[in-house]
Every structure is written in structure tokens, then in C-alpha cells.
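Participant: The structure that follows is given in the form of C-alpha cells.
The values are calculated or read from the model by the stated rules, or taken from the named source; none is laboratory data. A quick note: this is a predicted structure, and the numbers were derived from the prediction, not measured. All Cβ positions, glycine included, derive from the backbone under ideal geometry; neighbour counts span all protein chains shown. In case anyone asks, the SASA skips ligands and DNA or RNA and just uses the protein heavy atoms, side chains included. Shrake-Rupley method; radii C 1.70, N 1.55, O 1.52, S 1.80 Å.
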Amino acid sequence: MHPFRVACREGLAKIRQEGRYRSFTPLRKDATRFPVFSVADGAGRRDVTVWSSNDYLAMGAHPVVIAAAVQAAQEMGAGAGGTRNIAGTSELHEALEAELAALHGKPAALLFTSGYVANEASLTTILRSLPNWHVFSDRKNHASMINGVKGAPATVHIWAHNDLADLERKLAAAPTDAPKLIVFESVYSMDADISDIPGICDLAERFGAMTYLDEVHAVGMYGPTGGGVSERDGVADRIDLIEGTLRLPRRLYRGGRRDGRLHSLGGGRLHLHHLAAAHHDRRRLGKCAPRSPGPCAPHRDLRARRHAEGAPGRCRPAGAAV
């Protein structure tokens with residue numbers, strides 16, 4: 001038997017012995033009763049209420065959103081037919097990116113296939129753009145952010161979770177002329193706490209650092225228009241890069257600051273592929289190479305965002321003006 005197969009069998013056996021082997025539970029979603037799912041139970045099925053879904057606003061089961069996805073699939077087909085570089089970019093993709101950029105007051109946005117890919121590809125690309133990067137990462141950042149940082153030849157400083165005094169000490173100890181990036185989240189879902197975004201922005205401006213903010217657990221939930229905690233706190237314009245989500249599967253994006261601080265990296269519009277082209281890091285372009293999501297996805301997401309924004313009696317995001 002090949003050594004690789006032996007290693008796999010031994011490794012899996014150890015995981016099972018330790019009780020860490022993960023088995024997926026196949027659930028059937030009921031769009032008419034979300035968040036109620038059902039699971040096979042002997043000869044029949046039983047209901048399961050899922051509280052861990054990331055569809056915070058329940059737009060994934062809304063009739064208006066479902067109708068939009070069906071309409072797009074009937075008119076334009078179920079698949080995109082290619083990557084974003086060839087036939088995979090439609091007017092719907094560009095319209096959604098434009099709306100997401102406007103939501104955060106940014107010049108541009110770029111869709112990714114998942115939040116994990118968005119963080120990993122963006123951070124690795126940025127941190128390969130210049131030599132001698134120093135990145136400052138909150139200790140409780142998501143694994144996708146950690147992997148994005150590890151995928152680049154940067155000097156990494158881990159600062160204590162939400163401890164701005166520790167962040168300040170580490171920024172002060174770094175070389176003054178080195179490019180710096182502070183990487184953090186707005187809402188840490190596992191700990192149920194929120195970062196001090198204005199305080200982090202103050203430190204970033206004092207030490208000449210860029211900021212990368214993950215807002216995936218806040219978009220749609222905080223701010224007058226659902227732009228996240230950075231909008232709620234009135235500091236979105238001070239953040240260099242924002243990652244967020246529509247709280248629907250597979251619709252993640254990034255945006256850059258409007259003031260032009262990053263334009264020298266991207267040639268005018270802060271798209272990830274422009275950043276990549278600027279420093280010829282072809283290896284990271286593979287993150288944009290998979291087939292583009294079909295037209296039903298951006299059409300669905302556009303309709304969901306517009307409906308959540310303007311529907312009478314909708315659930316108002318936390319911190320919205322009454």
C-alpha cells in the first residue's frame with residue numbers, strides 16, 4: 001500500500017479514536033418555515049430548528065428572492081458559462097458589485113465564491129504586493145484571515161484580542177518605514193463581542209498602517225442602511241478594505257477606501273485582480289479562476305438587498321435611526 005494511503009488510514013483511525021471524526025448531517029430546508037429543517041428519522045422525518053444558520057435576515061427563503069433566482073435562471077440559464085475573465089461576468093454581477101461598493105461608500109467591490117476565499121486571497125495578495133510587510137492580527141481572527149496572512153512572506157504580530165494597548169505597543173515596536181496592515185473583525189461571533197473600530201483607526205492613522213476589516217457578521221444587522229458596525233460608528237470611510245456578506249450563501253465581497261490611498265496599487269479601481277496584476281503575483285489569480293456563479297445568484301442577491309432595504313415593516317438593523 002502506498003505510504004500516503006497508510007498515513008491517511010492511520011490519521012483517520014486516530015481521529016475516530018479521539019472522538020473528533022466529523023460526520024455531516026443531511027438536512028432538508030423548508031423555505032416556508034425557516035429556520036425549521038427536517039432530518040430523516042427511522043421511517044419518517046422529524047423537525048429540527050437550526051439556530052446556527054448565517055442567513056440572519058431569512059432572505060434566503062423569502063418568496064421575492066426565490067422568484068428573482070428563478071427568473072434569472074429561466075432567462076439566462078443556471079450557469080455562468082465561464083470564469084469572470086471570459087464569459088462569466090454578466091451585467092448582474094457588475095450591478096451587485098456596484099451596490100455593495102455604494103453600501104460602504106467605496107469606489108469598487110469584488111465578488112468571491114465564499115468568505116473564506118475572500119479573506120485568504122485578498123490578504124495574501126495584499127501582503128505580497130510590497131516587501132517587508134508587518135501585519136497585526138487580532139488573536140481571535142477567523143481561520144481564513146489567519147491563512148491569508150500565513151500565505152504571504154510578512155512579519156506577523158498577534159495582538160491580544162480587542163486589546164488596543166497591546167496593539168499600540170506592537171505598532172510602536174515595528175520599523176517606522178515598513179508597510180503595516182491591521183487585520184481584525186467587527187463582530188466576533190464566537191465570543192459575542194465587538195471591536196473598537198474608531199480606536200483601531202486612530203492607531204492606524206497614528207502609525208501609518210492600513211486597515212482590513214471583516215464585517216461578515218455585521219452587514220445587514222448594524223448601521224442605518226445595514227452597512228455594518230463601521231457604518232454604525234461612522235468610520236467606514238476610515239477603513240481601507242472591508243469584507244462583508246449579504247447573509248446569503250456564496251456572496252462575499254471586498255471594498256477599498258474612496259480617498260485613493262490604495263489606488264497606486266490597483267491603477268485606479270481597487271479590484272483584487274488589479275492588485276494582483278500590479279505586482280505580477282499570478283499564483284493568487286487562481287482564486288478568481290473558478291467558474292463564476294450563475295446569473296441567478298447575483299440577481300437573487302440584488303433583489304434580496306433591495307427588498308431588505310426598502311420593504312415596509314422590515315426588521316430594522318441594530319443602531320438604525322427611528
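Participant: Order 52-65, 24-37 from most to least packed using the mean count of other Cβ atoms within 10 Å.
Facilitator: On the way: 52-65: 16.6, 24-37: 11.9.
Final packing ranking: 52-65, 24-37.
Participant: At a temperature of 37 °C and a viscosity of 0.692 mPa s, determine how fast region 33-81 diffuses translationally according to Stokes-Einstein, using the Kirkwood radius over alpha-carbon pairs as Rh; express D in µm²/s, rounded to the nearest whole number. Before the final figure, lay out each step's value.
Facilitator: Details: Rh = 13.2 Å.
Result for D is 249 µm²/s.
Participant: If I compute solvent accessible area with a 1.4 Å probe over the protein chains, what percent of it on region 12-112 is carbon and sulfur? Spell out each step's value before the answer.
Facilitator: Numbers: 3390 of 6260 Å².
The nonpolar share, carbon plus sulfur, comes to 54 percent.
Participant: For q values of 0.25 Å⁻¹, compute log₁₀ I(q)/I(0) with the Debye formula on a Cα-only model of region 65-148, without solvent.
Facilitator: -1.26
Participant: Still on this structure, I have one more. Kindly provide log₁₀ I(q)/I(0) values, in the same order as q = 0.12, 0.26, 0.29, 0.30 Å⁻¹, from the Debye equation applied to equal alpha-carbon scatterers of region 134-183.
Facilitator: Each listed q maps to, in turn, -0.23, -1.01, -1.17, -1.22.
Participant: Show the residues, 5+ positions off or on another chain, whose built amide H is closer than 5 Å to the amide H of Leu110.
Facilitator: Under 5 Å from the amide H of Leu110: Arg254.
Participant: Express the accessible area of region 75-157 per residue in Å², computed with a 1.4 Å probe while the remaining protein chains stay in the model.
Facilitator: Numbers: 3340 Å² over 83 residues.
Heavy-atom accessible area per residue stands at 40 Å².
Participant: Moving to a separate point now. Which value results when the Cα radius of gyration for region 1-90 is divided by 2.2 N^0.38 Å?
Facilitator: Numbers: Rg = 20.6 Å, N = 90, 2.2 N^0.38 = 12.2 Å.
In units of the globular-protein estimate, region 1-90 measures up at 1.70.
Participant: Now for a different question. Calculate, for Val48 and Ala172, the FRET efficiency according to 1/(1 + (r/R0)^6) with r their C-beta to C-beta distance and R0 51 Å; round to the nearest 0.05. Present the calculation step by step, with values, prior to reporting the outcome.
Facilitator: Numbers: r = 51 Å, r/R0 = 1.00.
Approximately 0.50, to the nearest 0.05.
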